[in-house]
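Asker: Submitted below is the structure of interest, expressed as structure tokens.
The values are calculated or read from the model by the stated rules, or taken from the named source; none is laboratory data. As the structure is a computational prediction, the values presented were derived from the model and not from experiment. Please note: Cβ atoms are built from the backbone with ideal geometry, for glycine as well, and neighbour counts cover all protein chains shown. Keep in mind that these areas ignore ligands, DNA and RNA; they rest on the heavy atoms of the full protein, side chains included. Shrake-Rupley method; radii C 1.70, N 1.55, O 1.52, S 1.80 Å.
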Amino acid sequence: VKLSINPRNVYYGNLKIGDKVTKTFTVKNESKTSPAYLQEISLRTFREKLQDQGFTIDIPFDVNQPLLPQETKTFTVTFTAPYEGEFKDSIGVGDTCFYQYKALVRASVGTPIIEVSDVDFGKKTVGVQTNPLIATITNNGTTSLAITGFKNNTLSVFTHNLPEITPENPLIVDKGGQYQFEVYFKSDAVQSYLDSIVFISDAGYNTDPVCM
């Protein structure tokens, strides 16, 4: 019998001390023919008696009642931000034979700081594609930085290789870490060009979220 937990990887966000966030999860019996006899749903820190990471689990059903084929039940995991830092835990599920960790929960507490370097192509020949220049996103804050999008440049003479970034698929830059991307330039007239990429993140406008 195969048991699954969804979602499998959950980031609770960057929070302030004392903040509380609750997320809902489902446990499912993936078998189409056999019931699953649950024995346990638990957090790794609790099961292995590890250092508390601020997560608590609430199971509103009797885990001793079998899950029918393809049946799902829901439970919640709450994170309460205790102090600045990075926090993570795992959710495990077991039946009468096996116990496995099936989902990862993460949260950060503190202040991210975003700094994005500028690029200057100088004087270039009209119509000639330049070699790329490297722009760097640096997180000088006390916790991880979650970039959830960006306002793109408006001039077509500038291009870049940034991936798609959305609130559902954020770009995470660890504390003290960097992320680099390439910027290209190909002028179409004899003139000066100025443009920008503005990054949207949980740092807001804390320091410099703009690449120019």
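Asker: When residues of the range 103-127 are filtered for being farther than 26 Å from Tyr205 by Cβ and buried (at least 19 other Cβ atoms within 10 Å of the Cβ), how many remain? Spell out how you get there, then give the answer.
Answerer: First, pick out the residues of the range 103-127 that are farther than 26 Å from Tyr205 by Cβ: 103-105, 122-127.
Still in the list and also buried (at least 19 other Cβ atoms within 10 Å of the Cβ): 103, 105.
Count: 2.
Asker: In the range 181-212, what residues are modelled with pLDDT of 90 or more, within 26 Å of the chain's Cα centre (by Cα) and over 12 Å from Asn139 (Cα atoms)?
Answerer: Passing the criteria: Phe181, Glu182, Val183, Ser196, Ile197, Val198, Phe199, Ile200.
Asker: Out of all the residues in the range 130-150, is one or more open to solvent by 50 Å² or more (accessible area, probe 1.4 Å) and at pLDDT below 90?
Answerer: Looking through the range 130-150, at least one residue is open to solvent by 50 Å² or more (accessible area, probe 1.4 Å) and at pLDDT below 90.
Asker: Right, here's the next one. Could you pull out the residue among Thr56, Thr76, Thr22 that is farther than 24 Å from Leu171 by Cβ, in contact with a Lys or Arg (Cβ under 9 Å, 6 or more places away or on another chain) and assigned to a strand (DSSP E or B)? Can you show your working first?
Answerer: Values: Thr56 fails: in contact with a Lys or Arg (Cβ under 9 Å, 6 or more places away or on another chain); Thr22 fails: in contact with a Lys or Arg (Cβ under 9 Å, 6 or more places away or on another chain).
Selected residue: Thr76, the only one of Thr56, Thr76, Thr22 that is farther than 24 Å from Leu171 by Cβ, in contact with a Lys or Arg (Cβ under 9 Å, 6 or more places away or on another chain) and assigned to a strand (DSSP E or B).
Asker: Can you tell me which residue is least open to solvent (accessible area, probe 1.4 Å) among those in the range 25-53 that are part of a loop (DSSP other than H, G, I, E, B) and within 21 Å of Tyr83 (Cβ to Cβ)? Please lay out each step first, then the result.
Answerer: We begin by selecting, within the range 25-53, every residue part of a loop (DSSP other than H, G, I, E, B); these are 30-35, 37-39, 48-53.
Narrowing the set further to residues that are within 21 Å of Tyr83 (Cβ to Cβ) leaves 49-53.
On the way: Lys49: 173, Leu50: 86, Gln51: 128, Asp52: 106, Gln53: 34 Å².
If we take residues in the range 25-53 being part of a loop (DSSP other than H, G, I, E, B) and within 21 Å of Tyr83 (Cβ to Cβ), then Gln53 is least open to solvent (accessible area, probe 1.4 Å).
Asker: Can you find, within the range 136-158, the residue that is farthest from Glu182 (Cα to Cα) among those that are more than 18 Å from the chain's Cα centre (by Cα) and assigned to a strand (DSSP E or B)?
Answerer: Among them, the one singled out is Lys151.
Asker: Which residue out of Ile172, Ile134 is out of contact with any Lys or Arg (no Cβ under 7 Å at 6 or more places or on another chain) and closer than 30 Å to Phe87 by Cα?
Answerer: Working: Ile134 fails: closer than 30 Å to Phe87 by Cα.
Every option except Ile172 fails the conditions.
Asker: Kindly indicate which of Ser42, Ser108 is of a type in the set (Gly, Ala, Ser) and at pLDDT 90 or above. Give the steps one after another, and end with the answer.
Answerer: Working: Ser108 fails: at pLDDT 90 or above.
It is Ser42.
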